[in-house]
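A.B. asks: Before anything else, here's the structure in question.
The values are calculated or read from the model by the stated rules, or taken from the named source; none is laboratory data. Being a predicted model, the structure only gives us computed values, none of them experimental. Neighbour counts run over all protein chains shown; Cβ positions are idealised from the backbone, glycine included. Each accessible area value is taken on the protein alone, full model and side chains, heavy atoms only, with ligands, DNA and RNA left out. Shrake-Rupley method; radii C 1.70, N 1.55, O 1.52, S 1.80 Å.
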Amino acid sequence: QVQLVESGGGLVQPGGSLRLSCAASGSISYINTMAWYRQGPGKQRDLVASITNRGGTNYADSVRGRFTISRDNAARTVYLQMNSLKPEDTAAYSCYAFVNYNNYWGQGTQVTVSS
């Protein structure tokens, strides 16, 4: 069984920063794309950023230049550094990974940007 465990969410003021982490564990032989999605109140779940196992990245237009996705393949962990946070970044952030040719999701972590 594969598990994705996120950490790092919380409450931050506008303009502040947070770093999310997501670690994959279990019986893993192959991990390709890892990504972060988010779902704001009353909204659909959208892709925030993704990264392949070779380091290729993709960002939503709304976060490009403010957020940075990275990964540590040896640690099976993906990170999301979020800078210059805005109230509209408030959402439940979920980690995704393509592991052993299957899709896996984390349980989600709440990020709230408010003064």
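A.B. asks: Pop out the carbon and sulfur fraction of the accessible area of the chain as a percent, whole number, probe 1.4 Å. List each step's numbers first, then the result.
C.D. replies: On the way: 2640 of 6030 Å².
It is 44 percent, rounded to a whole number.
A.B. asks: Accessible area per residue of the chain at 1.4 Å probe, in Å²? Spell out each step's value before the answer.
C.D. replies: Values: 6030 Å² over 115 residues.
That works out to 52 Å² for each residue.
A.B. asks: Compare Y59, Y93, Y30 in a GNM of the chain, Cα atoms joined below 10 Å, and give the one with the largest fluctuation.
C.D. replies: Y30
A.B. asks: Compute, for region 1-103, the length of the dipole vector about the Cα centre, with Cβ point charges of +1 (Lys, Arg) and -1 (Asp, Glu) only. Units Debye, rounded to 20.
C.D. replies: Working: 10 positive and 6 negative charges, 20 e Å.
For this selection, approximately 100 debye.
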